[in-house]
Amino acid sequence: MAIRRILTIDNAADLAVLKKVSTPVEAVDADVQTLMDDMLETMYAAPGIGLAAVQIGDTRRVVVMDLGDGEPTTDAEVVDEAGEDAEANRVANPRFFVNPEILWASDEQFCYEEGCLSIPEYFDKVERPARVRVAYLDRSGARIEEEIDGLYAVCFQHELDHLNGVLFTDHLSRLKRDRAMSKVKKTMRMREDA
Ligand code: NI
C-alpha cells in the first residue's frame, strides 16, 4: 500500500482533474484492489471518511469509505482519532464501491455539514435526499443493492458526485464557493510554510 497525494482545488491542474467524469471499471481485478488499498491508506492518513479515486488523480469509478461504524469485537481495530472524546471509540469499517449508482432517492431531504479532503478545512451545509437506494460492486466484485440513510447516504452521494466531476461546493452559492476557494488557498499556503 502507498499513501498518494490528494488533489486540492487551489491548484488549477488538480482542479481540472477533479472536474473530470470518471470511467466505469470493467472488472474488479487485482489492479483495482491495489488502487482501493492505496486509497484507503491515503484516506486514513489524511484523515478522512471517504475518498474517490479521482481525488488521487485516477479517473476510475472507485470509492472507499470508513464511517467508523463497525461492530465492536475484541479484535476489531479502533479508529484512532486524536483529540476526540474517549467515548467516541469508533470501530474501523472499511467500505469499497466500484461503479456506484443511485437507483432511487427520497423526496425527503437531509442537511449535513460536509467537508472534503480536496477542499481542506472548509465546511458547509449541503441538502441532499435523506434516503437513497444504491447499487455498486464491492471489493470482491459482487453486486450489492441496498437502501441507506444518515451519514452513510450523505457520504455515498458526496463521493458519487466526485465521480461525476462535482464537488460539494458546487451545491452552494457562488459567494460561498469563492469563500471556500480563498479558505483553501490560505490553508494550503500555511501548510507549505509549516
Ligand atoms: Ni470529497
Being closer than 13 Å to Pro120 by Cβ and basic (Lys, Arg) is the filter here; which residues of the range 173-194 pass it? Lys183, Lys185, Lys186, Arg189, Arg191
Here are the criteria: (1) within 16 Å of the ligand (Cβ to nearest atom); (2) touching a Cys at 6+ places or on another chain (Cβ under 9 Å). Tell me which single one Glu127 does not satisfy. (1)
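Each row is one residue, and each column tells you yes or no for (1) touching a His at 6+ places or on another chain (Cβ under 8 Å); (2) within 16 Å of the ligand (Cβ to nearest atom); (3) more than 27 Å from Met181 (Cα to Cα).
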position	(1), (2), (3)
Asp10	no, yes, no
Ala16	no, no, no
Val21	no, yes, no
Thr34	no, no, yes
Ala53	no, yes, no
Met65	no, yes, no
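Across the range 130-169, what is the total count of residues that are within 16 Å of the ligand (Cβ to nearest atom) and either basic (Lys, Arg) or under 25 Å from Gly57 (Cβ atoms) (or both)? Break it down into steps so the answer makes sense when it comes.
To start, the set of residues in the range 130-169 that are within 16 Å of the ligand (Cβ to nearest atom) comprises 151-169.
From the residues that got through so far, the ones that are either basic (Lys, Arg) or under 25 Å from Gly57 (Cβ atoms) (or both) too are 154-169.
Number of matching residues: 16.
For the structure I just gave you, tell me whether Ser118 is of a type in the set (Gly, Ala, Ser) and surrounded by 17 or more Cβ atoms within 10 Å (Cβ to Cβ).
Against the criterion (of a type in the set (Gly, Ala, Ser) and surrounded by 17 or more Cβ atoms within 10 Å (Cβ to Cβ)), Ser118 qualifies.
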Write out, first by first residue and then by second, each pair whose Cβ atoms fall under 9 Å of each other, whose residues are 6+ apart or on separate chains, and whose first residue, in the range 143-162, is among the basic types (Lys, Arg) while the second is more than 11 Å from the ligand (Cβ to nearest atom) and at pLDDT below 95. none
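The values are calculated or read from the model by the stated rules, or taken from the named source; none is laboratory data. Fair warning: this is a prediction, and the values are worked out from it, not measured in the lab. Glycine also receives a Cβ, built like all others from the backbone with ideal geometry; neighbour counts cover every protein chain displayed.
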